[in-house]
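Single-structure report; data block below.
The values are calculated or read from the model by the stated rules, or taken from the named source; none is laboratory data. All figures in this text were calculated on a predicted structure; none of them were measured in a lab. Cβ sites come from the backbone with ideal geometry, for glycine too, and all protein chains shown count toward neighbours. Just the protein is used for accessible areas: all its heavy atoms, side chains included, with ligands, DNA and RNA removed. Shrake-Rupley method; radii C 1.70, N 1.55, O 1.52, S 1.80 Å.
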Amino acid sequence: MSHSTALHAQPRRRALRPARGAQLDLMEELRLALRRGQLRLAYQPIHRMRGADSSSFEALLRWRHPVLGDVAPEHFIDLAEQDGLILELGDWAFRAAAAECRRLRSVSGRSVHVAINVSALQLSSRPGMQIWLRHLQDIDLPADALSVEITERVMVRHPEAVAGQLRLLADAGVRIALDDFGVGYSNLALLGQLPVHALKFDRSLTQALVDSERHRTIASSIVDMAHRLRMQVVAEGVEQTAQAAITHELGFDFAQGYWYGRPLSAAQAEQWLRAA
Ligand code: C2E
Ligand code: MG
Ligand code: MG
């Protein structure tokens, strides 16, 4: 377990909060960054709680602007959704993550799995997911090497449009995970309607487990519900030994967080696989 190999991820990021008038410029900068190949993906390990380690990572966007420094996704994803640039951005991220997954599989000889965050806007846009599925065939990557993570917030907003595209992905073998589960809308009816394979238990809930018996009861009930629905549960934001122990005890299937590993560059992810 390496705590020292973090990509330029969290620590040195500036808290960039663009003023209203600056928003257009930020999108213009992002458009340029995309065109100039200045975006990267970081790969955060997802730890399997029981059995053999599964060599899974979540791909997370990283943008280092030459003047602004590192710009956190929380400061540009929503704007990119409003702007529509998220479609181009999402397409780039999907292709980059798929290519990296393919590469990591061949250099490590292991069944590397990569989870990709996808905006609901992407899922509700035309021509949709057939192009992505065809791309996976073109690069010879099995669809079950990938997961798509979507937030329930956006799923709630466009349920019908998203449902068809999610089914297409799921039928091809792509796994679907509901991100940030348990905060926001928590629309449980969606779980009955959509092909969801995993719930990602939100970081704020994971971090409340140590001090709150009530939160432990809630977590245990969610794990139980998920397992009855044949879904897996991932604890997000595990930062401390006590949180790792409790999530293991409560039956979580996977855990992710700084305690297990920070987001890594592609080269570091390769090293990680060699060391694991
Ligand atoms: P997310 O999908 O829930 O990703 C997890 C976030 O938690 C990441 O932040 C990760 O770096 C951070 N994290 C992981 N472990 C810990 C921990 O132990 N403690 C704390 N405090 N944080 C931890 P990041 O990379 O800043 O991404 C934020 C959000 O931006 C993501 O949340 C996701 O919703 C969105 N995002 C990132 N990359 C993409 C992308 O390629 N496409 C889209 N549509 N959204 C993305
Ligand atoms: Mg995610
Ligand atoms: Mg999350």
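Okay, residues lined up against (1) within 10 Å of ligand 1 (Cβ to nearest atom); (2) assigned to a helix (DSSP H, G or I); (3) open to solvent by 30 Å² or more (accessible area, probe 1.4 Å):
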{"position": "E74", "(1), (2), (3)": "yes, yes, yes"}
{"position": "D78", "(1), (2), (3)": "yes, yes, yes"}
{"position": "L89", "(1), (2), (3)": "yes, yes, no"}
{"position": "R105", "(1), (2), (3)": "no, yes, yes"}
{"position": "I116", "(1), (2), (3)": "yes, no, no"}
{"position": "S125", "(1), (2), (3)": "no, no, no"}
{"position": "D140", "(1), (2), (3)": "no, no, yes"}
{"position": "E149", "(1), (2), (3)": "yes, no, no"}
- Just checking, which of G192, G182 is surrounded by fewer than 22 Cβ atoms within 10 Å (Cβ to Cβ) and within 16 Å of ligand 1 (Cβ to nearest atom)? G182
- In the range 200-234, the residues that are assigned to a strand (DSSP E or B) and of a type in the set (V, I, T): V233, V234
- In the range 195-225, residue most open to solvent (accessible area, probe 1.4 Å) [restricted to those that are within 14 Å of ligand 2 (Cβ to nearest atom) and charged (D, E, K, R)]: R203
- Query: When the residues of the range 14-45 are filtered to those that are at pLDDT 90 or above and charged (D, E, K, R), which remaining residue is nearest to A98 (Cα to Cα)?
  - Reply: R40
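Residues are listed down the side, and each one gets a yes or a no for (1) more than 16 Å from ligand 2 (Cβ to nearest atom); (2) surrounded by fewer than 16 Cβ atoms within 10 Å (Cβ to Cβ):
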{"position": "H227", "(1), (2)": "yes, yes"}
{"position": "V238", "(1), (2)": "no, no"}
{"position": "A255", "(1), (2)": "no, no"}
{"position": "G261", "(1), (2)": "no, no"}
{"position": "A266", "(1), (2)": "yes, no"}
- Message: I need every pair where a residue in the range 170-189 that is under 16 Å from L136 (Cα atoms) and within 12 Å of ligand 2 (Cβ to nearest atom) has its Cβ under 8 Å from the Cβ of a residue that is of a type in the set (K, R) and open to solvent by 10 Å² or more (accessible area, probe 1.4 Å), sequence separation at least 6 or different chains.
- Response: none
- Log entry, pairs with first residue in the range 111-124 being touching a residue at least 12 places away in the same chain (Cβ under 8 Å), second being near ligand 1 (Cβ under 7 Å from one of its atoms) and among the hydroxyl-bearing types (S, T, Y), beta carbons closer than 9 Å, six or more apart or on different chains, reads N117/T151; S119/T151; A120/T151
- Is it the case that A245 is of a type outside the set (F, W, Y), closer than 28 Å to C101 by Cα and free of Cβ contacts under 8 Å to residues at least 24 places away in the same chain? no
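For the range 235-267, give me the residue count where each residue is assigned to a helix (DSSP H, G or I), out of contact with any strand residue (DSSP E or B) (no Cβ under 8 Å at 6 or more places or on another chain) and of a type outside the set (A, V, I, L, M).
2
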- Task: Test I139 against the stated conditions and say whether it is among the aliphatic types (A, V, I, L, M) and over 18 Å from the mean Cα position of the chain (by Cα).
- Result: yes
